[in-house]
1. Taking 0.36 nm per residue of sequence separation and subtracting the Cα-Cα distance, how much length would be gained by fully extending the chain between Leu204 and Ile40, in nm to one decimal?
2. Most mobile of Pro43, Pro155, Pro208 per a Gaussian network model of the chain (Cα springs, under 10 Å)?
3. To the nearest 10 square angstrom, what accessible area does Lys163 show with a 1.4 Å probe?
4. Between 0 and 90 degrees, rounded to the nearest ten: what's the tilt of helix 132-149 against the longest Cα principal axis of the chain?
5. For Val187, what accessible area in Å² do you get when you roll a 1.4 Å probe over the heavy atoms of the protein chains, rounding to the nearest 10?
6. Grab every C-alpha pair in the chain, bin the distances at 5 angstrom width from 0 up to the longest one, and report whole percents.
7. Using each residue's phi in region 77-86, evaluate 6.51 cos²θ - 1.76 cosθ + 1.60 at θ = phi - 60° and report the 3J(HN,Hα) Karplus result to the nearest Hz, with x for Gly and Pro.
8. For the chain, what does -39500 (n - 2.57) per DSSP helix run (n ≥ 4), summed and divided by total residues, give at 222 nm, in deg cm²/dmol to the nearest 500?
Amino acid sequence: MTLDLNFYLFAVPAVIFAGMSKGGFGSAAAFAATPFLALILTPGQAVGLMLPLLMVMDVTAVKLFWRKWDLRVAGVLILGAIPGIVIGTLLYGVADPAVFKLLIGIVAIGFVLWQLAKARRWITPPKRELGTGAGLFWGGVTGLTSFISHAGGPPAAVYMLSKRMDKTTYQASSVLTFWAVNLMKVVPYAFVGIFSKETLIADLTLIPAAVLGVLLGVWMYHKVPEKLFFGLAYVFLVITGSKLIWEVLAA
């Protein structure tokens with residue numbers, strides 16, 4: 001990893017965008033930074049670089065949404081995420097790096113398809129609240145997809161949307177959930193060698209962009225329509241996800 005102009009031209013916008021999602025749009029599109037960074041870094045470098053920055057964003061967002069969450073809903077997802085993170089750790093230890101690059105691309109495209117299906121009402125929130133068992137299952141999926149590419153938003157949303165929470169409670173519960181999930185990923189990431197001296201040095205230089213992104217997101221929460229924000233995110237994810245998949249299949 002070379003911390004040159006080309007790196008920062010990719011990294012700074014990616015980190016700011018992730019922070020904006022964390023601060024004002026339910027964290028759902030924050031993972032878009034990972035496939036973008038995977039265009040210039042290895043999958044391990046991309047997720048390793050983003051995790052400490054996401055944790056900085058989490059701390060900022062947790063303070064802004066302090067105690068506005070539904071602790072039971074977040075707790076079920078957090079508990080369920082543990083086996084998902086364990087599976088991700090085991091998979092990373094035996095899989096070729098190209099597999100993770102492919103998975104990041106697939107998750108990016110899958111996220112857009114999931115959002116499209118939800119908008120077209122092909123997928124609708126459950127008519128009744130999902131129970132604890134379902135919450136633990138979706139928490140497990142959240143842990144696995146979060147480990148691979150910090151993309152735990154959609155599976156967590158399946159459970160949270162069934163609870164019919166208001167917008168602020170939903171946002172706060174999402175913030176709390178991913179603060180805990182990201183914290184739990186630190187030891188496994190270190191164990192499999194995802195962190196490096198270069199990623200940690202880069203993180204230190206990108207912390208201001210992370211905080212700025214969260215603050216911009218909080219401001220945009222009241223100023224910018226969600227459809228515009230996510231519309232841009234979906235186009236971005238389709239382009240980056242498609243390129244990652246193509247690079248692996250064409251190799």
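The values are calculated or read from the model by the stated rules, or taken from the named source; none is laboratory data. Values in this document were obtained by computation on a predicted structure and should not be read as measured data. Here Cβ is always computed from backbone atoms with ideal geometry, including for glycine, and neighbour counts include all displayed protein chains. What goes into the accessible areas is simple: the full protein's heavy atoms, side chains included, and nothing from ligands, DNA or RNA. Shrake-Rupley method; radii C 1.70, N 1.55, O 1.52, S 1.80 Å.
1. Taking 0.36 nm per residue and subtracting the Cα distance, the gain is 57.1 nm.
2. Maximum fluctuation in the GNM of the chain, among the listed residues, is at Pro208.
3. Ignoring ligands and nucleic acids, Lys163 comes out at about 40 Å².
4. 20 degrees
5. Rounded to the nearest 10, that gives 110 Å².
6. Percent of Cα pairs in each bin: 1, 7, 14, 19, 21, 19, 12, 5, 2, 0, 0.
7. Per residue, the Karplus-derived 3J(HN,Hα) values read 5, 5, 5, x, 5, 4, x, x, 5, 4 Hz.
8. Details: 10 runs with 198 residues, N = 251.
Value at 222 nm, helices only: -27000 deg cm²/dmol.
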